[in-house]
Amino acid sequence: ETHFSVVVVSGRFAGLPPLQRHRLVHAALRAELAGPLHALAIVARTPQQWESDPHVPPRPPCLGGSKQERRGAAA
(Lines give C-alpha, C1' and ligand atoms only; values in the text may rest on other atoms or scores of the structure.)
Protein backbone atom coordinates (compact mmCIF):
# COMPACT_ATOMS: atom_id res chain seq x y z
CA GLU A 1 0.00 0.00 0.00
CA THR A 2 1.47 3.36 -0.98
CA HIS A 3 -1.65 5.56 -0.72
CA PHE A 4 -2.77 6.64 2.73
CA SER A 5 -5.36 8.92 4.23
CA VAL A 6 -5.38 10.06 7.84
CA VAL A 7 -7.93 11.98 9.88
CA VAL A 8 -6.55 13.61 13.01
CA VAL A 9 -8.71 15.53 15.47
CA SER A 10 -6.76 17.40 18.15
CA GLY A 11 -7.13 20.43 20.36
CA ARG A 12 -3.47 21.12 19.59
CA PHE A 13 -4.52 22.33 16.12
CA ALA A 14 -6.40 25.32 17.57
CA GLY A 15 -5.09 28.55 16.06
CA LEU A 16 -2.70 26.77 13.68
CA PRO A 17 -2.87 27.18 9.90
CA PRO A 18 -3.25 24.01 7.79
CA LEU A 19 0.46 23.84 6.93
CA GLN A 20 1.47 23.78 10.60
CA ARG A 21 -1.16 21.12 11.32
CA HIS A 22 0.18 18.96 8.50
CA ARG A 23 3.73 19.36 9.80
CA LEU A 24 2.61 18.09 13.21
CA VAL A 25 0.94 15.06 11.62
CA HIS A 26 4.05 14.32 9.54
CA ALA A 27 6.23 14.55 12.66
CA ALA A 28 3.93 12.19 14.59
CA LEU A 29 3.94 9.66 11.73
CA ARG A 30 7.63 9.97 10.86
CA ALA A 31 8.40 6.25 11.36
CA GLU A 32 5.28 5.10 9.50
CA LEU A 33 6.03 7.44 6.59
CA ALA A 34 9.65 6.26 6.25
CA GLY A 35 8.66 3.45 3.88
CA PRO A 36 7.39 3.69 0.34
CA LEU A 37 4.77 6.39 0.07
CA HIS A 38 3.10 7.65 -3.08
CA ALA A 39 0.24 9.73 -1.68
CA LEU A 40 -0.86 11.00 1.71
CA ALA A 41 -4.14 12.83 2.30
CA ILE A 42 -4.40 14.61 5.66
CA VAL A 43 -7.52 15.96 7.34
CA ALA A 44 -6.43 17.82 10.49
CA ARG A 45 -9.18 19.47 12.53
CA THR A 46 -9.85 20.74 16.00
CA PRO A 47 -12.55 18.95 18.02
CA GLN A 48 -14.89 21.91 17.42
CA GLN A 49 -14.32 21.77 13.66
CA TRP A 50 -14.93 18.03 13.64
CA GLU A 51 -18.15 18.42 15.67
CA SER A 52 -19.49 20.99 13.24
CA ASP A 53 -18.45 19.00 10.14
CA PRO A 54 -17.43 15.33 10.57
CA HIS A 55 -17.39 14.84 6.79
CA VAL A 56 -14.10 13.73 5.28
CA PRO A 57 -13.62 15.03 1.73
CA PRO A 58 -13.03 12.40 -0.94
CA ARG A 59 -9.44 11.86 -1.94
CA PRO A 60 -8.47 12.86 -5.46
CA PRO A 61 -8.12 9.87 -7.75
CA CYS A 62 -4.67 8.45 -8.22
CA LEU A 63 -3.42 9.08 -11.72
CA GLY A 64 -0.92 6.26 -11.36
CA GLY A 65 2.82 6.20 -11.62
CA SER A 66 5.50 7.40 -9.30
CA LYS A 67 8.94 8.93 -9.61
CA GLN A 68 10.52 5.49 -9.16
CA GLU A 69 8.35 3.98 -11.88
CA ARG A 70 9.15 6.85 -14.28
CA ARG A 71 12.90 6.49 -13.58
CA GLY A 72 12.68 2.75 -14.23
CA ALA A 73 10.83 3.31 -17.51
CA ALA A 74 13.38 5.87 -18.69
CA ALA A 75 16.38 3.64 -17.90
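The values are calculated or read from the model by the stated rules, or taken from the named source; none is laboratory data. All values reported here derive from a predicted model rather than from experimental measurement. Cβ sites come from the backbone with ideal geometry, for glycine too, and all protein chains shown count toward neighbours.
Considered as a group, the residues in the stretch 19-63 that are assigned to a loop (DSSP other than H, G, I, E, B) and among the basic types (Lys, Arg) include one that is surrounded by the fewest Cβ atoms within 10 Å (Cβ to Cβ), and that residue is Arg30.
With out of contact with any Leu (no Cβ under 8 Å at 6 or more places or on another chain) and touching a residue at least 40 places away in the same chain (Cβ under 8 Å) as the only criterion, which of Arg59, Arg21 stands out? The match here is Arg59. Among the numbered conditions (1) modelled with pLDDT under 90; (2) part of a strand (DSSP E or B), the only one that Arg70 does not meet is (2). Within the stretch 5-18, the only residue that satisfies the criterion of being closer than 22 Å to Pro60 by Cβ and assigned to a helix (DSSP H, G or I) is Pro18.
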